[in-house]
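The values are calculated or read from the model by the stated rules, or taken from the named source; none is laboratory data. The shown structure was predicted, so the numbers you read here are calculated from the model rather than taken from an experiment. When we count neighbours, we look across all protein chains shown, and the Cβ atoms used for this are built from the backbone with ideal geometry, even at glycine.
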Amino acid sequence: MTSLRGKTIAITEARRAAELASLITKLGGTSYSAPAVREVPRQDLGPALDALERICRREAAAIIFLTGVGARAFLGLAGEAGKREALLEALRQMLVAARGPKPVAVLREAGVRIDLIPEEPTSEGLLAALAGHELRGRGVAVQLYGEENPLLVDALAARGATVLEIPLYEWALPEDQEPLIRLAHDLTGGLIDVLAITSAVQVKHLFLIAERLGLGESLVQALRGPVAVAVQGPVSAAALAARGIVPKIRSHRPTMGALIHAIADYFSRGENAQARS
């Protein structure tokens, strides 16, 4: 059985921190939680309101909900604009896709029919699930999370879809930044075995804090050397590559749980190699 061998695993994920910490403990590791991100509503809701209007005018044949927070925010925005029933009626005539269980729960609570739920709750999984649907010349609305999603948006556009983005919230630094400050010190001080990264914005915020502390270059050196960096997804890997950091661990499946299992596999392989030598 794979094990984390008592290693200290730092996680900068916020929403699923408790779930990941539980898995780390179950696999024999020590969880170190330092959330790097919080969700805040966008101040400029003009683009989202424009998308709402266009959906109600039947300019989109499909819609993709990526998060529960975003799905609830979009329904709430429609209610505030006096267009909730118009939106629900439009959704009845569209292909509705939801990336994972959280948007599914919100949509079902609102009585929205869901046509497509991918096997993998990722952008890649959505694209695979949409492969059998003709998108060329059709409008596809995409509810964004706290940043742009070029992987999904560009792939839809490459299939000939007209993509209508719905930005509803943004990612900001956490209100309590002390855990992130402590993490920057502990990473550069050799107290962390693995840094697990699940989004590019986590990289951005961790380095923002480190640079404020005068630890930017020390952090780069730590993540290039003694600290094993584990990464989920190509966008996160690209954010690290921009600083010359190559992750030692990547998950075979693009989910957070799979990333923790990949870390356990990494240390188990190392232990087995030492036993054979």
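Of note:
- Residue match in the range 47-57 (condition: closer than 27 Å to Ala230 by Cβ, outside any helix (DSSP H, G or I) and either in the same structural domain as Phe267 (by TED's automatic domain parsing) or free of Cβ contacts under 8 Å to residues at least 12 places away in the same chain (or both)): no
- Matching residues in the range 155-178 - criterion: being modelled with pLDDT of 95 or more and of a type in the set (Ser, Thr, Tyr): Thr162
- Breaking point among (1) surrounded by 20 or more Cβ atoms within 10 Å (Cβ to Cβ); (2) within 21 Å of Gly70 (Cβ to Cβ); (3) at pLDDT 95 or above, for Gly146: (3)
- Candidates His205, His185: the one that is in a helix (DSSP H, G or I) and in contact with a helix residue (DSSP H, G or I) (Cβ under 8 Å, 6 or more places away or on another chain) is His205.
- Leading residue by the ranking (modelled with the lowest pLDDT) among those in the range 116-143 that are under 16 Å from Pro234 (Cβ atoms) and of a type in the set (Asp, Glu): Glu120
- Qualifying residue in the range 155-178 (condition: within 20 Å of Ala222 (Cβ to Cβ) and surrounded by fewer than 20 Cβ atoms within 10 Å (Cβ to Cβ)): yes
- Which listed residue, of Ile263, Ile245, Ile181, Ile197, is at pLDDT 95 or above, out of contact with any Ser or Thr (no Cβ under 7 Å at 6 or more places or on another chain), within 22 Å of Pro121 (Cα to Cα) and surrounded by 15 or more Cβ atoms within 10 Å (Cβ to Cβ): Ile263
- Each residue in the range 58-99 was checked for being more than 23 Å from Thr162 (Cα to Cα), touching a helix residue (DSSP H, G or I) at 6+ places or on another chain (Cβ under 7 Å) and at pLDDT below 95, and 1 of them qualify.
- Residue in the range 29-38 that is of a type in the set (Ser, Thr, Tyr), touching a helix residue (DSSP H, G or I) at 6+ places or on another chain (Cβ under 8 Å) and buried (at least 23 other Cβ atoms within 10 Å of the Cβ) present: yes
- Entry remark, the range 213-261: residues being polar (S, T, N, Q) and part of a loop (DSSP other than H, G, I, E, B) number 3 in total.
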